[in-house]
Amino acid sequence: MLELFDRQLRQEARPDAPDARVERAGNVVRQVGPGHCWNGVLWSGLDEADADAAITEQVRYFGELGRPFEWKLYGHDRPADLDRRLLAAGFTPEPAETLMIAEIGRLPAGGEPPEGVRLVPVTDADGVELVVDVHESAFGATHEHLRERLLAQLAEGEVVAVLAMAGDTPVSAARMDLHPGTRFASLWGGGTVPEWRGRGLYRALIAYRAREAVARGYDHLQVDASSQSRPILLRLGFEAITTTTPYVHE
């Protein structure tokens, strides 16, 4: 499963936004785009002899573009001391997450929202604004880039986004990136406003996206799970495959 993930979503990755591009520079695969896009290194096949030079080149390349970027380091990436080399080059690590994957057909059925809550697909700019509002309340940060990215992805049909509505009030939101030509759809978000946590909304949003993924021909879900979501995903049948840590260079 890890080999399939590395090949389809890292080595052979497609841009995750219409105005981004994926480039291969030697043994590095990177995504480059405007400021609202994710910019960074998706995959590297390095060793002790060429790692430092490759790191220096990426810092130079993104620096000339004026882009902060992320080196997405996975637990099995080589060389074994790549994390220390990134630190020495001025990168700052963010909290580690767990790469988790599930075969959709093995996930349990159900996952309906709690009474009084309905799930609504996001299809337009008004819906995107509600998603951004929920994420800012749930995660306590501004999400201007999310707004621009979601609007672009919706226009291209490369994302599924959903809101949980209690009456006319959005209380949770999530999205799913689609990766045409692969077996994977990626789950992101899953933010719930504080007063609605612990009522099964996270699980309901996973079930909704799983159904949507199957309808579009995907058979696996992938999540970069935080320490809060990992236990829920394990109970649902996701497997912990490896770790992933964002190393950010400003």
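The values are calculated or read from the model by the stated rules, or taken from the named source; none is laboratory data. Bear in mind that the values here come from a model prediction, so they are computed numbers and not experimental data. Using ideal geometry, Cβ is built from the backbone for each residue, glycine included, and neighbour counts are taken over all protein chains shown. Note: accessible area is taken over every heavy atom of the protein model, side chains too, but ligands, DNA and RNA are not part of it. Shrake-Rupley method; radii C 1.70, N 1.55, O 1.52, S 1.80 Å.
Taking every DSSP bridge with both residues inside the chain, close to 90 percent are antiparallel. Heavy-atom surface analysis with a 1.4 Å probe gives the chain a carbon and sulfur content of 49 percent of its accessible area.
Measuring max minus min along each principal axis, the C-alpha atoms of the chain give extents of 58, 35, 32 Å (largest first). When the Kirkwood hydrodynamic radius is evaluated over all pairs of different C-alpha atoms of region 146-213, what value in angstrom, to one decimal, is obtained? Value: 12.7 Å, from the Cα pair sum. By the equivalent-ellipsoid construction on the alpha carbon gyration tensor, region 2-102 comes out with semi-axes of 19, 18, 13 Å, ordered largest to smallest. 3J(HN,Hα) along region 157-173, derived from phi through the Karplus expression 6.51 cos²θ - 1.76 cosθ + 1.60 where θ = phi - 60°, amounts to x, 10, 8, 10, 10, 9, 10, 9, 10, 9, x, 9, 9, x, 10, 7, 7 Hz, with x in place of Gly and Pro. Ranking of Met100, Met1 by solvent-accessible surface, largest first: Met1, Met100 (1.4 Å probe, protein heavy atoms only, all chains present).
In region 115-243, taking the dipole from charged Cβ atoms about the Cα centre, the farthest positive-side position among Trp188, Gly167, Val214 is held by Val214. With the convex hull of the Cα atoms taken as the outline of region 139-184, the averaged projected area works out to 4.4 nm². With a ≥ b ≥ c taken as the square roots of the eigenvalues of the C-alpha gyration tensor of region 45-175, please select rounded if a/c is under 1.5 and otherwise prolate if a/b is larger than b/c or oblate if it is not? Note, shape of region 45-175 comes out prolate. Kindly identify region 164-250 as rounded, prolate or oblate by the Cα gyration tensor criterion: order the square roots of the eigenvalues as a ≥ b ≥ c, call it rounded if a/c is under 1.5, otherwise compare a/b with b/c, prolate if a/b is larger, else oblate. Oblate, since a/c reaches 1.5 and b/c is not below a/b.
By the helix-only formula, in which each DSSP H run with n ≥ 4 contributes -39500 (n - 2.57) and the sum is divided by residues, the chain has a 222 nm mean residue ellipticity of -9000 deg cm²/dmol.
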